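Below is one structure, written out as structure tokens; the observations come after it.
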Amino acid sequence: MPEAATPEVPGQATTDAGNRPLVVLIGPPAAGKTRTGKRVARALAVPFIDTDRVIAAEHGPIPAIFAERGEAAFRALEADAVDAALRQRAVVALGGGAVMTPSVAAALRGHPVVLLTVSAEAAADRLDAESRPLVRDGIGAWESLVAQRMPTYTALATAAWDTSSQPLDRVAAEIAEWARDRAAAAGGS
């Protein structure tokens, strides 16, 4: 499965249900959005798009973007990546802070948004401070970010799963089943 976006076809219509994500994963850093998203995409036989990886592939490492251009520049790149991803039939994983950009939050409305949550203890085991610029100060910084973002996460979420202790294969299988059930109820495939 590809880890970045599938190229758009020029002139491709983007308004029908066939060109919308089957699942959009949101949540804090270290919740397992990328690892879970890959598994969900594989189960649904669609591409996986990680917007952070799309940004890194097109613009360089995210920590370097933050250091050289600032968070505002990164968030603008991120909003563009999310906009493009939301026009693809795929499983899409957003960076932890993407939903805090008003245009991104607005764009997510009407999409099947799954919030992945994780306990502070489990997140501490997963965090890589070097690749996550906003949590370099450790789990305390992570907890502050989560407290700030959680109201937005929950307001946007259609469903939620906790990844703290369940195997990600199980979480992914449940999310894939949920997505299939939603598609069947909507008359899609």
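The values are calculated or read from the model by the stated rules, or taken from the named source; none is laboratory data. Please read these numbers as outputs of a predicted model, since none were measured by experiment. Positions of Cβ are backbone-derived with ideal geometry, glycine not excepted, and every protein chain shown enters the neighbour counts.
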### Task
Starting from residues that are modelled with pLDDT under 95 and assigned to a helix (DSSP H, G or I), keep the ones in the stretch 95-122 and report whichever is nearest to Ala45 (Cα to Cα).
Ala122
### Summary
Considering the stretch 1-50, residues that are at pLDDT 95 or above and among the basic types (Lys, Arg), and then whichever is nearest to the chain's Cα centre (by Cα), we arrive at Lys33
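If you take the residues in the stretch 66-97 that are of a type outside the set (A, V, I, L, M) and closer than 14 Å to Gly37 by Cα, which one is surrounded by the fewest Cβ atoms within 10 Å (Cβ to Cβ)?
Arg89
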### Query
Hey, does the stretch 63-71 have a residue that's outside any loop (DSSP other than H, G, I, E, B) and in contact with a Ser or Thr (Cβ under 9 Å, 6 or more places away or on another chain)?
yes
### Exclusive hit being in a strand (DSSP E or B), at pLDDT 95 or above and under 14 Å from the mean Cα position of the chain (by Cα), set Val92, Val82
Val92
